[in-house]
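Below: one structure, written as structure tokens.
Every number in this text was worked out from the coordinates using simple rules, so none of it is lab data. Being a predicted model, the structure only gives us computed values, none of them experimental. Counting neighbours? That spans all protein chains shown, and the Cβs are built from the backbone with ideal geometry, glycine included.
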Amino acid sequence: MDIDEFWLFLQRSRKVTSNPDERLRWLSLHLAQRPPAKIADFQILLNQVRRRSDTYDMWEAADLIFGNCSTDGFWYFQAWLIGLGHDTFELAVTDPDNLAEVPEVQRLAERPMREWADDGWPEWEALSYVAAGAYEEVTGEEDGVYDAMEERGHTNQSNPEPTGLSWRLRDSEAVAQRLPRLSRVFQRDEL
């Protein structure tokens, strides 16, 4: 599996359904129809793509959207962002302030967080484990995908340190300067 196939695979799952649980079932079913090496490719590519969004600027964008975003929440947010597809992902990693243009983000801003639907919540933790489940189904090896990755020189990191300049989270003036459009979309009395 190459990067284009990775994105196409995610896009196909999204065309089938927008529900995250149903997408996971689709991804799991279709990954399990591939050879183990291709399943490991999917996990490797997911990690590589995710790493591009693992920046302090993106974390601040997630923090602004959530009102407060933990390290785990940021990790799950990155998977959700990947699940939105290649074009949206590229728009966001180019400049996290571009998230203000994303329809899914705009819909979140239209209502209080307590009214966000479970399937519309901006996190998708389970995407991180879909390849491991499919690999185990095909080979019978629990955590075998991670062994296969290591054999190919890749480790499976969870919650690595973000890249870029670490700047003070929760400083409303700094946030408004760095993420002006997103700050307007998610206006809060106090950050």
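Tell me the angle of helix 56-66 to the major Cα principal axis of the chain, expressed in degrees between 0 and 90 and rounded to the nearest ten.
The answer is roughly 70 degrees.
Restricting to Cα pairs below 8 Å that are 6+ residues apart, what does the relative contact order work out to for the range 59-124? Please round to a whole percent. Before the final figure, lay out the partial values.
Details: 44 pairs, mean separation 27.1, N = 66.
Reported as a whole number, the value is 41 percent.
Can you tell me the alpha carbon radius of gyration of the range 1-144 divided by the globular rule-of-thumb value 2.2 N^0.38 Å? Could the numbers behind the result be given before it?
On the way: Rg = 15.2 Å, N = 144, 2.2 N^0.38 = 14.5 Å.
So the range 1-144 has a normalised radius of gyration of 1.04.
Using unit Cβ charges (K, R positive; D, E negative) and no other charged atoms, how large, in debye to the nearest 20, is the dipole of the chain about its Cα centre? Walk me through the intermediate numbers first.
Values: 20 positive and 36 negative charges, 107 e Å.
Charge dipole of the chain: 520 debye, to the nearest 20.
In angstroms, what radius of gyration and Dmax does the range 5-81 have, counting Cα atoms only?
Final numbers for Rg and Dmax: 14.1, 42 Å.
With each label point set 7 Å from Cα along the Cα-Cβ vector, what nm distance links GLU125 and GLU137?
Between GLU125 and GLU137, the label points sit 2.1 nm apart.
If exposed trypsin sites (Lys or Arg not before Pro) are those in a DSSP loop with at most 12 other Cβ within 10 Å, what is the longest stretch of the chain that has none?
Numbers: sites that count: ARG152, ARG168, ARG170, ARG188.
Here the longest run is 1-151.
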